[in-house]
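Here the structure comes first, spelled out in structure tokens, and everything after it is commentary.
The values are calculated or read from the model by the stated rules, or taken from the named source; none is laboratory data. Please read these numbers as outputs of a predicted model, since none were measured by experiment. Don't worry about glycine lacking a Cβ; one is built from the backbone with ideal geometry, like all the others, and counts go over all protein chains shown.
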Amino acid sequence: MLNSTYSKVAVAILALVGVVALTPTMGALAQADASMPITIAKNTTKMVGCPYSMASGNIVETAQNEGVFSTLIVALKATGLDQTLADKNTKFTVFAPTDEAFSKLPPGTVEMLLLPENKAKLTKILSYHVVMEPLSATEIQKNNLIRTVEGSTVKASTVSGKAFINQSQITKTNVYATNGVIHVIDNVLMPTN
């Protein structure tokens, strides 16, 4: 009985020593990305390798699965950019405005942009939300200006602990897809020229 008690105490002490020994390492890792959580697309079953291998779909499929990008998906399809963002051989970063973000535009703007005669203008706006390389939230914080597919740059900044791209707040970071990463934003980005 006494040996059993000593065994339990010894195991408890070893466990405590192990936790104390790991705490500085775990703390450093937690601090490194604590402000930028990694989100894998909904309904993901793969759990091996890098974040891209854990995702279950490409940028477009991942956006569809999130359920808050219906307007963005319609706009991507209207321009043909949905095919580009589905390319498995290229990795992208997409600053993705939600349906709510599109609803902040003046009335009739989305409908006007979706007209066939405005395809070039809509393509320019959507391309301003895309970067030709995958950037995690941590990498975005390290860059002040980020060149978009449209050709212009967007400005990354942090104000009061909140991350922004231009004037749009990043409300959710690191939604990984098989071919890149989505960062959710609360406003539609508009190129200046």
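Taking the condition farther than 17 Å from Ser70 by Cβ and surrounded by fewer than 18 Cβ atoms within 10 Å (Cβ to Cβ), does Glu111 pass? So Glu111 does not fit the description; no. Evaluation of Ala120 against the conditions (1) surrounded by 13 or more Cβ atoms within 10 Å (Cβ to Cβ); (2) among the small types (Gly, Ala, Ser); (3) under 26 Å from Lys88 (Cα atoms); (4) modelled with pLDDT of 95 or more shows that the sole unmet condition is (1). Scanning the range 169-187 turns up one or more residues that are among the acidic types (Asp, Glu) and in contact (Cβ under 8 Å) with a residue 60 or more places away in the chain. Restricting attention to the range 146-171, the residues that are out of contact with any helix residue (DSSP H, G or I) (no Cβ under 9 Å at 6 or more places or on another chain), charged (D, E, K, R) and at pLDDT 95 or above total 2.
Of the residues in the range 177-188, at least one is hydrophobic (A, V, I, L, M, F, W, C), over 21 Å from Ala101 (Cα atoms) and within 12 Å of the chain's Cα centre (by Cα).
Asn187 - would you say it is of a type in the set (S, T, N, Q), assigned to a loop (DSSP other than H, G, I, E, B) and buried (at least 16 other Cβ atoms within 10 Å of the Cβ)? If you could, list the steps in order and put the result at the bottom.
Values: of a type in the set (S, T, N, Q): yes; assigned to a loop (DSSP other than H, G, I, E, B): yes; buried (at least 16 other Cβ atoms within 10 Å of the Cβ): yes.
Yes; evaluated as a whole, the condition is true for this residue.
Can you spot a residue in the range 162-171 that is in contact with a Gly (Cβ under 6 Å, 6 or more places away or on another chain) and either assigned by TED's automatic domain parsing to the domain that holds Thr62 or crowded, with 20+ Cβ neighbours inside 10 Å (or both)? Within the range 162-171, not a single residue is in contact with a Gly (Cβ under 6 Å, 6 or more places away or on another chain) and either assigned by TED's automatic domain parsing to the domain that holds Thr62 or crowded, with 20+ Cβ neighbours inside 10 Å (or both). It is to be established whether one or more residues within the range 98-105 are assigned to a loop (DSSP other than H, G, I, E, B), touching a residue at least 24 places away in the same chain (Cβ under 8 Å) and crowded, with 19+ Cβ neighbours inside 10 Å. Taking every residue of the range 98-105 in turn, at least one turns out to be assigned to a loop (DSSP other than H, G, I, E, B), touching a residue at least 24 places away in the same chain (Cβ under 8 Å) and crowded, with 19+ Cβ neighbours inside 10 Å. crowded, with 17+ Cβ neighbours inside 10 Å and part of a helix (DSSP H, G or I): is that true of Ala156 in this structure? Criteria not met by Ala156. The residues of the range 106-150 that are touching a residue at least 60 places away in the same chain (Cβ under 8 Å), in a helix (DSSP H, G or I) and within 17 Å of the chain's Cα centre (by Cα), listed by number, are Ala137, Thr138, Gln141.
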